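Structure first, then comments.
The values are calculated or read from the model by the stated rules, or taken from the named source; none is laboratory data. Treat the numbers as computed from the prediction; the structure is a model and nothing was measured. Cβ atoms come from the backbone with ideal geometry, glycine included; neighbour counts cover every protein chain shown.
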Amino acid sequence: MYSRAASRQFLLPLAAQTTPRPAIIAQSRNSRVVTKVRSSAIWILVAANLLFVGLGITLCITALVTLSNNEHVLQVQARLGITGLTAQLLEGIFAQRKVKDDKQLFECHKEGNGKMKKLVSVERTAEGGIIFRMRKG
């Protein structure tokens, strides 16, 4: 007895939603005209935007082709990554030489043995900040 009453109580809201009847709001459609603009003006705007897209792509490709073989750009690219910034901080003068890729910024690459060990310590300065120090280990 209780299970039937509980079942009716739970299914009553669901049954009200599943009975077939036309949705009045969903069936009525209103069309609103926001503005009256000629279609030629819209197509001129679309064409102008496509011209700007073409100009942007052309400039991007030209810049990439022009600067990809430039020696100065390659040196800047090698130093602006995480590896290059780490080398600038920890390797000092050794990281300032001309390199072909960012792995050559480290001293252990010059000597050829990758087993060279360096320790980085963090020390407090007199002004209250910190500084990184290198120690060979």
Q. Which pairs do you get when a residue that is in the same structural domain as CYS108 (by TED's automatic domain parsing), found in region 71-91, comes within reach of a residue that is of a type in the set (Phe, Trp, Tyr), reach meaning Cβ atoms under 7 angstrom, with the pair 6+ apart or on two chains?
A. ALA87/PHE106; LEU89/PHE132; LEU90/PHE132; GLU91/PHE106
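Suppose we keep only residues that are part of a helix (DSSP H, G or I) and among the β-branched types (Val, Ile, Thr) within region 9-26. Which one would you say is modelled with the highest pLDDT?
Out of the qualifying residues, it is THR18.
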**Q.** Residue selected from region 49-97 under the condition under 23 Å from the mean Cα position of the chain (by Cα) and outside any helix (DSSP H, G or I), by the criterion surrounded by the fewest Cβ atoms within 10 Å (Cβ to Cβ)
**A.** SER68
**Q.** Number of positions in region 98-131 that are at pLDDT 80 or above, polar (S, T, N, Q) and surrounded by 12 or more Cβ atoms within 10 Å (Cβ to Cβ)
**A.** 0
